[in-house]
Structures are given as structure tokens and as C-alpha cells.
Amino acid sequence: MPSSRKERVANIIKRELSKIISKEFDFPEGLVTITFLSSDENLNQAKVGVSVFPSEHGELAIKELQKNEKFFYRKLLKSLRLRTIPKIFFILDRGPESGAQVEKLLLNE
């Protein structure tokens, strides 16, 4: 079954945003990875989940990403052929960190 337009657009934006962050966003304190992108039905807003390694620099990375939201918006606007690009909100995704802690606990017992 084909996915909805919303899902296709979200995947395209996630992929392109990942490229932009990896190539053009300099965060020397750690590795920044997009874990998910969810948008509203009208594609006006998108929440972008970000994982940071090492995790103690997560809040700093989110602040830097939020400070550069207009930069990312302009880059997406140039690279994608969409009428509108959703407003991006970066949030810290601690899921991978939690999973690693659970795995560590399981392996130690």
C-alpha cells in the first residue's frame, strides 16, 4: 500500500535535513543524528528528533540547531521542490541513550 503524501514528504525532508546537518553543520562536541521527523497534517510544522553522542552535549546541540533553524529552512527551500517547507522544531530524542542503558544493564546481570 502506498504511503500518504505527508509520510513521503516527511521522509524527503528528513533525508535532506540529515544531509545538510552532516555536511554543513559544524558541531565539534559530538555527533548529531536525526532519529525521526513528524509533521502535522498540513505540513506546516515538523518536529525533528535529534540524538547526540556523547549524550551530555545533547542540550547544547539542540540550542545550536534551534539557533540555526532559518539556515536549515533556507537550505531545504533551495534543495527541495515543494511549495511550502514546514517550520522545524528540534527536540532531543533520548531513546537511543535509554536503549543503550537497558542493554548495559542486561549484559551486566
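FYI, it's all coordinate maths here, none of it is from the lab. A quick note: this is a predicted structure, and the numbers were derived from the prediction, not measured. We place every Cβ from the backbone using ideal geometry, glycine too, and count neighbours over all the protein chains shown.
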- line: Diffusion coefficient in µm²/s returned for the chain by Stokes-Einstein, Kirkwood Rh over C-alpha pairs, 25 °C and 0.890 mPa s, is 164 µm²/s
- prompt: Which order do Thr84, Thr33 fall in if you start with the one that has the fewest other Cβ atoms within 10 Å?
  reply: Thr84, Thr33
message: What three numbers, in Å, describe the spread of the alpha carbons of the range 1-56 along their principal axes, ordered from the longest?
response: 40, 23, 21
- prompt: For the range 5-108, what proportion of DSSP beta bridges, expressed in % and rounded to the nearest 5, is antiparallel?
  reply: 55 percent
message: Can you tell me, using C-alpha contacts under 8 Å and at least 6 residues apart, the relative contact order of the range 5-108 as a whole percent?
response: 28 percent
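So if we plug the beta-carbon distance of Glu41 and Arg94 into 1/(1 + (r/R0)^6) with R0 = 35 Å, what FRET efficiency do we get, rounded to 0.05?
On the way: r = 27 Å, r/R0 = 0.76.
Efficiency computed from Cβ-Cβ geometry: 0.85.
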query: Rounded to two decimals, what ratio of Rg to Rh does the range 42-93 give with C-alpha atoms and a Kirkwood Rh?
result: 1.03
